[in-house]
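Down below is the structure, laid out as structure tokens.
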Amino acid sequence: WQLERLREIVSYARENSAFYRERLPAGEINSLAGFAALPFTTPEDLRARGAELLCVSPNEVERIVTLYSSGSTGRPKRVFSTAADQELTVEYFKYGMSAYVAAGDLVLSVLPGESPGSLNDLLRRGLESMGARLLMLGYPGDGDLPRLTETVLRRGVSSLGGPVSAGA
């Protein structure tokens with residue numbers, strides 16, 4: 001079953017993406033070892049040819065996110081999402097956060113952005129679908145720990161969500 005699904009995905013990518021048409025083999029993948037031999041898509045591929053990776057019409061793209069990597073001097077990466085991709089992310093947050101959060105809980109997010117389709121918006125929708133709430137504080141700057149602590153204590157925050165860095 002897994003091998004058949006992998007074949008379908010590779011075939012779909014080859015048929016619908018200019019980038020993958022060049023990169024993926026035309027023949028059938030007959031083993032998991034054959035799948036393991038497929039080339040990786042690299043961060044440089046995302047930077048240089050991001051739109052060519054699309055397997056849907058550009059008209060179906062709901063949101064484009066530009067990702068800047070800390071410590072990188074190269075061009076940013078662009079990641080494209082359809083409405084269906086975003087709904088899958090909402091479901092991911094719903095089930096992933098349910099291990100830590102219960103109905104009625106308040107989650108404090110220190111992620112940037114509140115616009116429709118942003119990470120905070122998708123997290124909020126996932127939490128609301130399970131009866132929890134999201135408070136968006138935004139990314140705290142240096143010296144903001146007292147404000148963050150006061151918000152957690154005053155508002156009864158049960159969980160804190162934010163970026164993870166290698167130095168954290």
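The values are calculated or read from the model by the stated rules, or taken from the named source; none is laboratory data. As the structure is a computational prediction, the values presented were derived from the model and not from experiment. Cβ coordinates were reconstructed from backbone atoms using ideal geometry, including for glycine residues, and neighbour counts include every protein chain displayed. For the accessible areas, the whole protein counts, side chains as well, though only heavy atoms, and no ligand, DNA or RNA atoms are used. Shrake-Rupley method; radii C 1.70, N 1.55, O 1.52, S 1.80 Å.
Things to note:
- Tally of residues being under 22 Å from Ile64 (Cα atoms), charged (D, E, K, R) and either modelled with pLDDT under 95 or not in a helix (DSSP H, G or I) (or both) across the stretch 86-123: 2
- Every residue from the stretch 1-10 that is over 23 Å from Glu60 (Cβ atoms) and in a helix (DSSP H, G or I): Gln2, Leu3, Glu4, Leu6, Arg7
- Pick from the stretch 86-123, criterion among the β-branched types (Val, Ile, Thr) and closer than 15 Å to Leu160 by Cα, ranking: surrounded by the most Cβ atoms within 10 Å (Cβ to Cβ): Val101
- Selection count, the stretch 124-142, where residues are open to solvent by 60 Å² or more (accessible area, probe 1.4 Å) and not in a strand (DSSP E or B): 6
- Which listed residue is out of contact with any Asp or Glu (no Cβ under 9 Å at 6 or more places or on another chain), open to solvent by 60 Å² or more (accessible area, probe 1.4 Å) and modelled with pLDDT under 95, from Arg23, Arg47, Arg63, Arg78: Arg78
- Pair list, Cβ < 9 Å and 6+ apart or interchain, from the stretch 110-124 residues that are over 14 Å from Ser81 (Cβ atoms) and touching a residue at least 40 places away in the same chain (Cβ under 8 Å) to residues that are open to solvent by less than 50 Å² (accessible area, probe 1.4 Å) and assigned to a helix (DSSP H, G or I): Val110/Leu148; Leu111/Asn120; Leu111/Leu123
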